[in-house]
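*Asks:* Have a look at the structure that comes next, please.
The values are calculated or read from the model by the stated rules, or taken from the named source; none is laboratory data. Here the structure is a predicted model, which means the values were calculated and not measured. In this analysis, Cβ positions are derived from the backbone assuming ideal geometry, glycine residues included, and neighbour counts consider all displayed protein chains. Just the protein is used for accessible areas: all its heavy atoms, side chains included, with ligands, DNA and RNA removed. Shrake-Rupley method; radii C 1.70, N 1.55, O 1.52, S 1.80 Å.
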Amino acid sequence: MAEEAAVRAQAETVRRLKQDKADPDEIAKEVAKLLDMKAQLGADEGKHKFVLKTPKGTRDFGPKEMAIRERAFKAIISCFKRHGAEVIDTPVFELKETLTGKYGEDSKLIYDLKDQGGELLSLRYDLTVPFARYLAMNKITNMKRYHVAKVYRRDNPAMTRGRYREFYQCDFDIAGQFDPMIPDAECLKIVHEILSDLELGDFVIKVNDRRILDGMFAVCGVPDSKFRTICSSVDKLDKVPWEEVRSEMVGEKGLSPEAADRIGEYVQLHGGLDLIERLLQDPKLSQNKQAKEGLGDMKLLFEYLTLFGITGKISFDLSLARGLDYYTGVIFEAVLLQQENEHVEEPVSVGSVAGGGRYDGLVGMFDPKGRKVPCVGVSIGIERIFSILEQRLEASEEKIRTTETQVLVASAQKKLLEERLKLISELWDAGIKAEMLYKKNPKLLNQLQYCEDTGIPLVAIVGEQELKDGVVKLRIVATREEVNVRRESLVEEIRIRTRQC
C-alpha cells in the first residue's frame, strides 16, 4: 500500500539522519512526522489488522479447565501439607544475575526483561533457584516448604503435550542438615502418592545420582571440563536413541569414540538393588570415590523406599542425567508409561511428569560467606498432567461442575423478590454457597432447569404458603424429592444434604 511505503520511506529518512548525526531539532521534526504517519495508518487500518490471540506458548483456561486444574492442585497441595510443608511465594522476576549460571545449557531459555530503573531482570525459570536465594537472604538453615506458581521458559512450545512458555510448577523441598537419604526418600514417596492419587495410569520413577554419573564419566575417560556438556547429552536418552546421543558426544562435543563407547556400556543399565550391588563390585566404578559414595547412598535410599513399600515403581537408571547444573547428589524423574484410556486411539505422549533431586551447593552460591544449606526437592510437572486429565474427561463426556454452589434460592410465585433476597442473604451470612436468578419474577421451571444445567444439587423454594407456615421447601434436584424445612433449621439441613451429594 502507498501509505505503508510512505511510512517506510520516512523511517529510512530518520535512520539516515541519526546515522549522519544531523541537527537534533531536524531529527526530532522528522521523528514527529513519522509518528504522525504511523498514527494515521493505525487509525485507518487498526480495526481489521488487530488479531485476538494469546502469545505463543500460552493459553487461556475457561471455567471447565480451571475446575479440572483446581481438583489436581487440591490433591497435590493436600499431599504437601500432609508431609508438613509450609508455603512461601517469591517475585515472578529475579535479578538476572540470580538466575545466570544455574541451569547449564538451558540458560538460553531464560526470559530477559528490559532494563527498568537500573536493574537487569529475568522472569523466573523455576522455583528452586528463587527458593535458594530466599534461604540465603533470610539466613534460614532448616525449612520444609511448598510453592505453587508460574514459571517462564523461552522454549519451543508443544501445546498438545503440555509444553508451554508460561506454566505452573508445584514444588516441595526440604532444606537442612539431616541424616543421609531420609529426606530424599520422602520426596520420592510424595511423587508416588501424588501420581497414584491422580490416577494417571502406570508410571515409573527413575533415580540416579550425579556422583555416580561424574564417577562414571571419570572412569570412562571424559575430561573434567566436558562433564556437564556430556551430562546434557546423556539427559536426552529418554527422547532419542543411544546412536544419536553418541554421535552428538563425538561429533559436536569432541569426545573420543572410545570414551563414548565406554559410557554406552553403563547408561543402558537399569534395575534395582541388584544392579546397585553389581556396580559396587564393578572394578572401575568401585575405585572411584564419588561413584562409590553415590552407590552407597543409593543402596541406603532403596532400603528406605522398601520400607515405604514403593520400590515396585522405582528404577535405578544410569541414563538419567537431568541437565540442570545445580544438582549434586540423588536425581529422579517420574515418567508415565502409558495413558490408560480406551476412548483415545492415539494416546498423547507426555513424557516426564515430575522431577527433582539434591542440590547441596545452590544456597551457598548466594551466601556471602559461602555457607551451604543441603537441600532436596521435587517439582510436579502439572501442565503435562492437566493435558492428560483434560483429554480423559473430554473422552468420557463427564459433566464438569464449574461452581461449588450448594443451593439455588427460588420462588414459586410472582412478587417474591424481596423474600428471595432476604433468604439468600441469611444463607450467605451462614457460609452457604448460594445463588439466585437475577429476575424479579422468574418462572419456577426456568429456575429448576438452571440447577439441572449447572449441577446445583438443592433448590430452596419460597412461596406464599411456605412464608405463612414459616418453612422453606427444599428440593433435591437429582431425585426431585421435596421436603418442608423450618426456616431456622434450613442452614443445617443444607449442610447435611450437601455432604451426602
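*Asks:* Could you go through the range 50-63 and let me know if any residue there is aromatic (Phe, Trp, Tyr), within 30 Å of residue 150 (Cβ to Cβ) and at pLDDT below 85.
*Replies:* yes
*Asks:* Still on this structure: Taking the stated definitions as given, is residue 384 basic (Lys, Arg), part of a helix (DSSP H, G or I) and within 30 Å of residue 185 (Cα to Cα)? Write out each step before concluding.
*Replies:* Numbers: basic (Lys, Arg): yes; part of a helix (DSSP H, G or I): yes; within 30 Å of residue 185 (Cα to Cα): yes.
Taking the combined requirement at face value, the residue satisfies it.
*Asks:* So how many residues does the range 59-109 have that are under 13 Å from residue 133 (Cβ atoms), open to solvent by less than 50 Å² (accessible area, probe 1.4 Å) and without any contact (Cβ under 8 Å) to a residue 60 or more places away in the chain?
*Replies:* Going through the range 59-109 one residue at a time, the tally reaches 4.
*Asks:* Another question about this same structure. In this structure, does residue 378 turn out to be over 24 Å from the mean Cα position of the chain (by Cα) and open to solvent by less than 40 Å² (accessible area, probe 1.4 Å)? Walk me through how you get there before you give the answer.
*Replies:* Numbers: over 24 Å from the mean Cα position of the chain (by Cα): no; open to solvent by less than 40 Å² (accessible area, probe 1.4 Å): yes.
No, not satisfied.
*Asks:* Just to be sure before I move on: is residue 178 assigned by the TED database to the domain that holds residue 313, closer than 21 Å to residue 301 by Cα and touching a residue at least 24 places away in the same chain (Cβ under 8 Å) in the structure I sent? Before you say what the answer is, go through the steps one by one.
*Replies:* On the way: assigned by the TED database to the domain that holds residue 313: yes; closer than 21 Å to residue 301 by Cα: yes; touching a residue at least 24 places away in the same chain (Cβ under 8 Å): yes.
Spelling it out, residue 178 is indeed assigned by the TED database to the domain that holds residue 313, closer than 21 Å to residue 301 by Cα and touching a residue at least 24 places away in the same chain (Cβ under 8 Å).
*Asks:* A further question on this structure: Is it the case that some residue within the range 24-38 is closer than 30 Å to residue 135 by Cα and not aromatic (Phe, Trp, Tyr)?
*Replies:* Going residue by residue through the range 24-38, those that are closer than 30 Å to residue 135 by Cα are none.
No, every residue in the range 24-38 fails to be closer than 30 Å to residue 135 by Cα and not aromatic (Phe, Trp, Tyr).
*Asks:* Sticking with this one: Hey, among the residues in the range 206-223 that are part of a loop (DSSP other than H, G, I, E, B) and touching a residue at least 24 places away in the same chain (Cβ under 8 Å), which one's nearest to residue 327 (Cα to Cα)? Before the answer, list the steps.
*Replies:* Pass one, the range 206-223, residues part of a loop (DSSP other than H, G, I, E, B): 220-223.
Filter once more, so that each one left must be touching a residue at least 24 places away in the same chain (Cβ under 8 Å): 220-222.
On the way: 220: 21, 221: 22, 222: 19 Å.
It comes out as 222.
Residue-wise test of (1) open to solvent by 10 Å² or more (accessible area, probe 1.4 Å); (2) modelled with pLDDT of 90 or more; (3) in contact with a Lys or Arg (Cβ under 7 Å, 6 or more places away or on another chain); (4) outside any helix (DSSP H, G or I).
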site	(1), (2), (3), (4)
156	yes, no, no, yes
171	no, yes, no, yes
178	yes, yes, no, yes
204	yes, yes, yes, yes
225	yes, no, no, no
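*Asks:* Which pairs turn up if I take residues in the range 384-403 that are outside the structural domain of residue 199 (by the TED database) and look for partners that are assigned to a helix (DSSP H, G or I) and of a type in the set (A, V, I, L, M) with beta carbon separation below 6 Å, at least 6 apart in sequence or on another chain?
*Replies:* Pairs found: 400/67; 402/67.
*Asks:* While we're looking at this one, here's another question. Is there a residue being over 43 Å from the mean Cα position of the chain (by Cα), open to solvent by less than 90 Å² (accessible area, probe 1.4 Å) and closer than 13 Å to residue 475 by Cβ anywhere in the range 449-456?
*Replies:* Going through the range 449-456, the residues over 43 Å from the mean Cα position of the chain (by Cα) turn out to be none.
No, the range 449-456 contains no residue that is over 43 Å from the mean Cα position of the chain (by Cα), open to solvent by less than 90 Å² (accessible area, probe 1.4 Å) and closer than 13 Å to residue 475 by Cβ.
*Asks:* Taking residue 208 and the conditions (1) on the phi < 0 side of the Ramachandran plot; (2) open to solvent by 10 Å² or more (accessible area, probe 1.4 Å); (3) more than 19 Å from the chain's Cα centre (by Cα), which numbered condition does it fall short on, given that it satisfies the others?
*Replies:* (2)
*Asks:* Considering only residues that are in a loop (DSSP other than H, G, I, E, B) and open to solvent by less than 20 Å² (accessible area, probe 1.4 Å), look in the range 110-149 and name the one that is farthest from residue 87 (Cα to Cα). Walk me through how you get there before you give the answer.
*Replies:* Within the range 110-149, the first condition is being in a loop (DSSP other than H, G, I, E, B), and the residues that meet it are 110-111, 113-115, 117-118, 120, 124-127, 138-142.
Of the ones still in play, those that are also open to solvent by less than 20 Å² (accessible area, probe 1.4 Å) are 110, 124-127.
Working: 110: 25, 124: 18, 125: 19, 126: 16, 127: 12 Å.
Step by step, filter the range 110-149, then rank; the result is 110.
*Asks:* Name the residues in the range 274-300 that are more than 16 Å from residue 227 (Cα to Cα) and in contact with an Asp or Glu (Cβ under 8 Å, 6 or more places away or on another chain), would you?
*Replies:* Answer for the range 274-300, where residues must be more than 16 Å from residue 227 (Cα to Cα) and in contact with an Asp or Glu (Cβ under 8 Å, 6 or more places away or on another chain): 294, 295, 297, 298, 299.
*Asks:* Same structure again: Enumerate the pairs (first residue in the range 1-13 and touching a residue at least 40 places away in the same chain (Cβ under 8 Å); second residue anywhere and open to solvent by less than 50 Å² (accessible area, probe 1.4 Å)) with beta-carbon separation below 7 Å, excluding pairs fewer than 6 apart on the same chain, so at least 6 apart or on different chains.
*Replies:* The qualifying pairs are 3/41.
*Asks:* Inspect all residues belonging to the range 230-239 and state whether any of them is modelled with pLDDT of 90 or more and out of contact with any strand residue (DSSP E or B) (no Cβ under 7 Å at 6 or more places or on another chain).
*Replies:* In the first step, residues of the range 230-239 are kept if they are modelled with pLDDT of 90 or more; the result is none.
So far as the range 230-239 goes, no, none of its residues is modelled with pLDDT of 90 or more and out of contact with any strand residue (DSSP E or B) (no Cβ under 7 Å at 6 or more places or on another chain).
*Asks:* Being in contact with a strand residue (DSSP E or B) (Cβ under 7 Å, 6 or more places away or on another chain) and either polar (S, T, N, Q) or not assigned by the TED database to the domain that holds residue 80 (or both) is the filter here; which residues of the range 194-219 pass it? Spell out the reasoning first.
*Replies:* Kept after step one, since they are in contact with a strand residue (DSSP E or B) (Cβ under 7 Å, 6 or more places away or on another chain), are these residues of the range 194-219: 194-195, 200-201, 203-210.
Listed by number, the list holds a single entry, 208.
*Asks:* Condition check: crowded, with 18+ Cβ neighbours inside 10 Å and either at negative phi or of a type in the set (Ser, Thr, Tyr) (or both). Does residue 478 satisfy that? Don't jump to the end; show me each part of the working.
*Replies:* Working: crowded, with 18+ Cβ neighbours inside 10 Å: no; either at negative phi or of a type in the set (Ser, Thr, Tyr) (or both): yes.
Criteria not met by residue 478.
*Asks:* Now a separate question. I'm checking my understanding of the structure. Among residues of the range 184-202 that are open to solvent by 30 Å² or more (accessible area, probe 1.4 Å) and in contact with a helix residue (DSSP H, G or I) (Cβ under 7 Å, 6 or more places away or on another chain), which one is modelled with the lowest pLDDT? If you could, list the steps in order and put the result at the bottom.
*Replies:* In the first step, residues of the range 184-202 are kept if they are open to solvent by 30 Å² or more (accessible area, probe 1.4 Å); the result is 186, 189, 192-193, 196-197, 199, 202.
Imposing the further condition that a residue be in contact with a helix residue (DSSP H, G or I) (Cβ under 7 Å, 6 or more places away or on another chain) reduces the set to 189, 192-193, 197.
Details: 189: 98, 192: 97, 193: 97, 197: 94.
Looking at the filtered set, the residue picked out is 197.
*Asks:* Sticking with this structure for a sec: Please determine, by comparing only the residues of the range 244-254 that are out of contact with any Gly (no Cβ under 9 Å at 6 or more places or on another chain) and within 25 Å of residue 333 (Cα to Cα), which one is least open to solvent (accessible area, probe 1.4 Å). Let's see the steps before the verdict.
*Replies:* Quick first cut of the range 244-254, residues out of contact with any Gly (no Cβ under 9 Å at 6 or more places or on another chain) only: 244, 247-254.
Checking the rest, the ones that are also within 25 Å of residue 333 (Cα to Cα) come to 244, 247-249.
Values: 244: 108, 247: 68, 248: 29, 249: 0 Å².
Looking at residues that are out of contact with any Gly (no Cβ under 9 Å at 6 or more places or on another chain) and within 25 Å of residue 333 (Cα to Cα), I get 249.
*Asks:* State the number of residues belonging to the range 255-304 that are open to solvent by 60 Å² or more (accessible area, probe 1.4 Å) and more than 35 Å from the chain's Cα centre (by Cα). If you could, list the steps in order and put the result at the bottom.
*Replies:* In the first step, residues of the range 255-304 are kept if they are open to solvent by 60 Å² or more (accessible area, probe 1.4 Å); the result is 258, 261-262, 265, 268, 270, 273-274, 277-278, 281, 283-284, 287, 289-290, 292-293, 299, 303-304.
Still in the running and more than 35 Å from the chain's Cα centre (by Cα): 258, 261-262, 277-278, 281, 283-284, 287, 289.
The total comes to 10.
*Asks:* While we're on this one: Looking at the range 89-109 only, could you name the residues that are β-branched (Val, Ile, Thr) and either more than 22 Å from residue 174 (Cα to Cα) or not in a helix (DSSP H, G or I) (or both)?
*Replies:* Initial filter on the range 89-109 (β-branched (Val, Ile, Thr)): 90, 92, 98, 100.
90, 92, 100 - these are the residues of the range 89-109 that are β-branched (Val, Ile, Thr) and either more than 22 Å from residue 174 (Cα to Cα) or not in a helix (DSSP H, G or I) (or both).
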